[in-house]
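The values are calculated or read from the model by the stated rules, or taken from the named source; none is laboratory data. Worth saying up front: this structure is predicted, and the values here are computed from it rather than measured. Please note: Cβ atoms are built from the backbone with ideal geometry, for glycine as well, and neighbour counts cover all protein chains shown. Protein only, heavy atoms only, side chains kept; ligands, DNA and RNA dropped before computing areas. Shrake-Rupley method; radii C 1.70, N 1.55, O 1.52, S 1.80 Å.
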Amino acid sequence: PSSPGIWRLRLRATDLNQPLEELSVITRVPFTDKRGGFLNGYRIGTYATEGSAREDMYAPPPGFIEVTPENQDLKVSEHFALRNFLTKDQFSVWPKYLALDLRLIDKLELVLQELNAMGVRAERMAVMSGYRTPAYNGPGEGGRARLSRHTYGDASDVWVDNDGDGWMDDLNGDGRRDTRDGEVLARAVDRVEARYPELIGGVGVYTSSSARICGSASS
């Protein structure tokens, strides 16, 4: 489709008219629609490389997914929806806009599969931080990189949270929740990257300001 939106697909033939509930086509709002750091009233800010004519991985994203109250729960994979990756600000502003690289979604799903293959129960992954607008990320202060991959939609801070209590689960079974559990998650990421070189991006383990143990995985 030539206009931005989320489109459902339907199979049609002589005796067939069947919707494909599990598959959608998303067309993005072009980056060039952004004006003065805003897109349709939503503050995105300015990318550090904006206007530089760069064409590498640090060039601004080509466009944004428009997220509304009605489509925010759209599943982009078995375990993740659009809402999981939204910037954590401007809560009352709609629509919101999201840069999201689907290779990151593939990687996170593969990490969940790998953990289970390792004998580690992993049914749910919480996303503390997915896409961050440049306005939210800032120019590089507070430990946030000036060219953070979060601003490009291909990095996320996550932890395994099967019970939904907001904390990393005890992945190594030692009765504690600490950075050793994050290291289990990191090993799963390393194994996925070894099998899928196109998803290599890296992983880091850290304790957040709220004492959550997170893994930061990028594509």
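Remarks
- Matching residues in the range 1-26 - criterion: being in contact (Cβ under 8 Å) with a residue 60 or more places away in the chain and either loosely packed, with under 10 Cβ neighbours inside 10 Å or not in a strand (DSSP E or B) (or both): Pro4
- Checking Asp73 against (1) part of a loop (DSSP other than H, G, I, E, B); (2) surrounded by 16 or more Cβ atoms within 10 Å (Cβ to Cβ); (3) not hydroxyl-bearing (Ser, Thr, Tyr), the condition it does not meet: (2)
- Residues (touching a Pro at 6+ places or on another chain (Cβ under 6 Å) and in contact (Cβ under 8 Å) with a residue 40 or more places away in the chain) located in the range 27-39: Val29
- Among the residues of the range 76-93, the ones that are open to solvent by less than 40 Å² (accessible area, probe 1.4 Å) and in a helix (DSSP H, G or I) come to 2 in all.
- Of the residues making up the range 101-112, not a single one is within 22 Å of Val189 (Cα to Cα), more than 15 Å from the chain's Cα centre (by Cα) and surrounded by 19 or more Cβ atoms within 10 Å (Cβ to Cβ).
- Any hit, the range 85-100, residues being of a type in the set (S, T, N, Q) and within 15 Å of the chain's Cα centre (by Cα): yes
- Selection from the range 27-43 of residues that are of a type in the set (A, V, I, L, M, F, W, C) and either open to solvent by 60 Å² or more (accessible area, probe 1.4 Å) or under 20 Å from Ala53 (Cα atoms) (or both): Val29, Phe31, Phe38
- Being of a type in the set (Lys, Arg), open to solvent by less than 30 Å² (accessible area, probe 1.4 Å), in contact with a strand residue (DSSP E or B) (Cβ under 7 Å, 6 or more places away or on another chain) and over 15 Å from Val29 (Cα atoms) is a property that does not hold for Lys96.
- Subset of the range 76-94 [in contact with a Leu (Cβ under 9 Å, 6 or more places away or on another chain), of a type outside the set (S, T, N, Q) and touching a residue at least 40 places away in the same chain (Cβ under 8 Å)]: His79, Phe80, Phe85, Leu86
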